[in-house]
1. Got at least one residue in segment 280-290 being of a type in the set (Phe, Trp, Tyr), closer than 27 Å to residue 71 by Cα and surrounded by 17 or more Cβ atoms within 10 Å (Cβ to Cβ)?
2. Any residue that is in contact (Cβ under 8 Å) with a residue 24 or more places away in the chain, in a loop (DSSP other than H, G, I, E, B) and not small (Gly, Ala, Ser) - is there at least one of those in segment 43-54?
3. Scan segment 120-152 for residues that are loosely packed, with under 13 Cβ neighbours inside 10 Å, touching a residue at least 24 places away in the same chain (Cβ under 8 Å) and within 23 Å of residue 193 (Cα to Cα) and jot them down.
4. With crowded, with 22+ Cβ neighbours inside 10 Å and in a loop (DSSP other than H, G, I, E, B) as the only criterion, which of 217, 221 stands out?
5. Please work out which residue is farthest from the chain's Cα centre (by Cα), limiting yourself to segment 240-271 and to residues that are assigned to a loop (DSSP other than H, G, I, E, B) and at pLDDT 95 or above.
6. Could you list, in sequence order, the residues of segment 99-119 that are in contact with a strand residue (DSSP E or B) (Cβ under 8 Å, 6 or more places away or on another chain) and open to solvent by 50 Å² or more (accessible area, probe 1.4 Å)?
7. Among the residues of segment 213-229, what is the count of those that are more than 12 Å from the chain's Cα centre (by Cα) and within 11 Å of residue 110 (Cα to Cα)?
8. Just the residues that are open to solvent by 70 Å² or more (accessible area, probe 1.4 Å) and more than 17 Å from residue 319 (Cβ to Cβ), please, taken from segment 75-98.
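The values are calculated or read from the model by the stated rules, or taken from the named source; none is laboratory data. All figures in this text were calculated on a predicted structure; none of them were measured in a lab. Glycine also receives a Cβ, built like all others from the backbone with ideal geometry; neighbour counts cover every protein chain displayed. Only protein heavy atoms, including side chains, enter the accessible area calculation; ligands, DNA and RNA are left aside. Shrake-Rupley method; radii C 1.70, N 1.55, O 1.52, S 1.80 Å.
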Amino acid sequence: MYIWIDGSGEGLRCKTKTLDSEPKTIADLPEWNFDGSSTDQSEGSNSDMFLLPVAMFRDPFRKDPNKLIFCEVFKYNHTLAETNLRHSCKKIMDMVANEHPWFGMEQEYTLLGTDGHPFGWPSNGFPGPQGPYYCGVGADKAYGRDIVEAHYRACLYAGVKIAGTNAEVMPAQWEFQVGPCEGIDMGDHLWMARFILHRVCEDFGILVSFDPKPITGNWNGAGCHTNFSTQAMREEGGLKVIEEAIERLAKRHEFHIRSYDPKGGSDNARRLTGLHETSNIHEFSAGVANRGASIRIPRTVGQEGKGYFEDRRPSANCDPYPVTEALIRTCVLKETGDQTVEYKN
């Protein structure tokens, strides 16, 4: 099954091809094509788009020897599709490979019925206020655990680096974590985990939403908190490197906000209000164990003097490639100002 990001920059598409033998590496997979006019990626008069396989996983739905293939998208003339943000990210990650950048992303999402109503919520009204649902147990607190468990097992089978899962603050909202992943693997594994979640929900007749604020009012939004470190941050004296990185992040807040949701910050503006465990989108902040800050330094990192930091700004519907690329550009390549530099390998 070939899988790619469509013209929205958020949606995923897929189609299936039969091969003569089981592919062992990416090199064994043929390039393929699709009708870009049906995915909002080309005009009908010149609709062929190309799929270039870049990552391969075991298929938990058809089982071995079948594969899930994540692909980059190119136009008819083999130039980059507008939503192919992986290509640039891969170049940047290759440049800093000796820094061994590690990422871990915490993907929050909301389960919905096919009518768009949060799964398990009363048909006319709301459940009780937030409080008992986070990491909750029981039919009156955890809505959709069978879906969550099926997704977890499918990811483990596929080889996705899923690290954990838990019920979130809003009922019908959950989170899974992917990582630690090094370099470009972060984006590849998160996108595949998202695809598998959509596919599992399809079998249950349920929808999954990555909207950053699916329900207005006094309900938590959905983010994709991103944990980041380099080798220098993880070694003795790493806290100083972390603090230097945070100083650089403070000077490029607007650049990162634009990079952290597909609509350049407008989606995240509904979520980053300074309430419901978020920072204010217009202000940069950092602190130890502070879940209301832009950047949180875990308490254990402060105590041990090394480790990683958590960027709490990315939205649930972020593209992980520009998120991780932005962190490398600012924290490792030490870019400044509002512009990105075109690097050549």
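1. Checking segment 280-290: not a single residue is of a type in the set (Phe, Trp, Tyr), closer than 27 Å to residue 71 by Cα and surrounded by 17 or more Cβ atoms within 10 Å (Cβ to Cβ).
2. no
3. Listed by number, the residues that qualify are 135, 146.
4. 221
5. Result: 252.
6. 100, 102, 114, 119 - these are the residues of segment 99-119 that are in contact with a strand residue (DSSP E or B) (Cβ under 8 Å, 6 or more places away or on another chain) and open to solvent by 50 Å² or more (accessible area, probe 1.4 Å).
7. The first filter runs over segment 213-229 and keeps only residues more than 12 Å from the chain's Cα centre (by Cα), leaving 213-221, 228-229.
From what is left, the residues that are within 11 Å of residue 110 (Cα to Cα) are 213-215, 220-221.
Selection size over segment 213-229: 5.
8. Scanning segment 75-98 gives 76, 77, 78, 94, 98.
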